[in-house]
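The values are calculated or read from the model by the stated rules, or taken from the named source; none is laboratory data. These numbers were taken from a predicted model, which means no experiment stands behind them. In this analysis, Cβ positions are derived from the backbone assuming ideal geometry, glycine residues included, and neighbour counts consider all displayed protein chains. The accessibility values were calculated without ligands, DNA or RNA, using every heavy atom of the protein model including side chains. Shrake-Rupley method; radii C 1.70, N 1.55, O 1.52, S 1.80 Å.
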Amino acid sequence: MAQKLLFVCLGNICRSPAAENIMNHLLLKENLGDRFECDSAGTGGWHIGALPDSRMRSAAQARGLTFVGSARQFQAEDLQEFDLILAMDKDNYRNILALDKEGKFADKVKMMCDYCQTYSDKEVPDPYYGGADGFNYVIDLLFDACGGLLKTLK
Ligand code: 4NP
C-alpha cells in the first residue's frame with residue numbers, strides 16, 4: 001500500500017502545495033509515483049478551495065513546473081489517515097499537535113527542514129507578505145528538503 005504523506009503550512013496556498021507538487025515531481029522522475037501518495041493542508045481555513053497562490057505558481061512556471069491543488073484545512077482525522085505529516089514551521093507543528101488530543105500521533109509529525117541536505121534553515125519561511133524572491137527561495141529550499149525526504153523514505 002502507498003505511503004501517505006501530508007505537507008502542512010498555514011494557508012495551504014504557498015508552502016505546503018509547493019512541497020506537495022515538488023515531491024510529486026521528484027517521485028515521478030524516479031518512477032516511484034505508485035509508492036507514495038502526497039497531499040497538503042493548512043492549519044488555517046481562510047483560503048479553502050483556492051488554487052496555490054498566483055505568485056507561487058509563477059515562480060514554479062519559470063522552472064517549467066505547474067503547481068496544482070485546492071486548499072483545505074488540516075483536520076484531526078488527518079493524524080490518523082496519514083503516515084507522515086510534515087510541518088513547514090514551528091507554529092504549524094504546534095497547531096497540528098494541538099489536535100492530537102490523546103497524544104498518540106507525535107511520532108509521525110516532523111519538521112520539513114529536518115530533511116534538508118544543503119540548507120541550514122530550521123523552518124520554511126512564509127513568503128506570503130514578501131516579494132518574488134521569497135517564493136523562489138521556498139522552491140529551492142523545498143527541492144532540497146523533498147530530496148532529503150525521498151532519500152530517507154526509499
Ligand atoms: P502558506 O502562506 O501558509 O505558505 O500558504 C500563507 C498564506 C496565507 C496567509 C498566510 C500565509 N494569510 O495570512 O492569509
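Can Gly134 be described as within 14 Å of the ligand (Cβ to nearest atom), surrounded by fewer than 19 Cβ atoms within 10 Å (Cβ to Cβ) and of a type outside the set (Ser, Thr, Tyr)?
Taking the combined requirement at face value, the residue satisfies it.
Listed residues Gln61, Gln80; which is within 21 Å of Lys4 (Cβ to Cβ) and either at pLDDT below 95 or over 15 Å from the mean Cα position of the chain (by Cα) (or both)?
Numbers: Gln61 fails: within 21 Å of Lys4 (Cβ to Cβ).
Going through Gln61, Gln80 in turn, the sole match is Gln80.
Modelled with pLDDT of 95 or more and touching a strand residue (DSSP E or B) at 6+ places or on another chain (Cβ under 8 Å) - does that describe any residue in the stretch 45-53?
From the stretch 45-53, those modelled with pLDDT of 95 or more are 45-53; that's our starting set.
The next check asks that each one be touching a strand residue (DSSP E or B) at 6+ places or on another chain (Cβ under 8 Å); those that pass are 45, 48.
Yes, the stretch 45-53 contains a residue that is modelled with pLDDT of 95 or more and touching a strand residue (DSSP E or B) at 6+ places or on another chain (Cβ under 8 Å).
Out of all the residues in the stretch 91-113, which are touching a residue at least 24 places away in the same chain (Cβ under 8 Å) and over 13 Å from Ala19 (Cβ atoms)?
Going residue by residue through the stretch 91-113, those that are touching a residue at least 24 places away in the same chain (Cβ under 8 Å) are 91-92, 95-96, 99-101, 104-105, 108-113.
Hits for the stretch 91-113 are Asp91, Asn95, Ile96, Leu99, Asp100, Lys101, Lys104, Phe105, Lys108, Val109.
Go through the stretch 23-45 residue by residue and tally those that are open to solvent by 70 Å² or more (accessible area, probe 1.4 Å) and either part of a loop (DSSP other than H, G, I, E, B) or closer than 24 Å to Asn136 by Cβ (or both). Steps first, please.
We begin by selecting, within the stretch 23-45, every residue open to solvent by 70 Å² or more (accessible area, probe 1.4 Å); these are 28-31, 34-35, 37.
Checking which are either part of a loop (DSSP other than H, G, I, E, B) or closer than 24 Å to Asn136 by Cβ (or both) leaves us with 28-31, 34-35.
So the count comes out to 6.
Here is a list of conditions, (1) within 16 Å of the ligand (Cβ to nearest atom); (2) touching a helix residue (DSSP H, G or I) at 6+ places or on another chain (Cβ under 6 Å); (3) assigned to a loop (DSSP other than H, G, I, E, B), and Ile48 meets all of them except one; can you say which number that is?
(2)
If I ask for residues that are surrounded by 18 or more Cβ atoms within 10 Å (Cβ to Cβ) and small (Gly, Ala, Ser), which ones from the stretch 46-73 would you list?
Ala59, Ala60, Gly69, Ala71
Give the stretch 101-131 a look and list any residue that's touching a Cys at 6+ places or on another chain (Cβ under 9 Å) and either farther than 24 Å from Glu81 by Cα or within 15 Å of the ligand (Cβ to nearest atom) (or both), or say none. So that I can check it myself, show each step before the final result.
Filtering the stretch 101-131 down to residues touching a Cys at 6+ places or on another chain (Cβ under 9 Å) leaves 112, 115, 119-124, 126-128.
The answer is Met112, Tyr119, Ser120, Asp121, Lys122, Glu123, Val124, Asp126, Pro127, Tyr128.
Would you tally the residues in the stretch 1-45 being touching an Asp or Glu at 6+ places or on another chain (Cβ under 6 Å) and under 23 Å from Arg63 (Cα atoms)? Write out each step before concluding.
If we filter the stretch 1-45 for residues that are touching an Asp or Glu at 6+ places or on another chain (Cβ under 6 Å), which is where we start, we get 2-4, 6-7, 13-14, 38, 40.
Applying the additional criterion that residues be under 23 Å from Arg63 (Cα atoms) yields 7, 13-14, 38, 40.
Going through the stretch 1-45 one residue at a time, the tally reaches 5.
Can you name the condition, by its number, that Ala98 falls short on among (1) small (Gly, Ala, Ser); (2) open to solvent by 50 Å² or more (accessible area, probe 1.4 Å); (3) farther than 28 Å from Lys29 by Cβ; (4) within 15 Å of the ligand (Cβ to nearest atom)?
(4)
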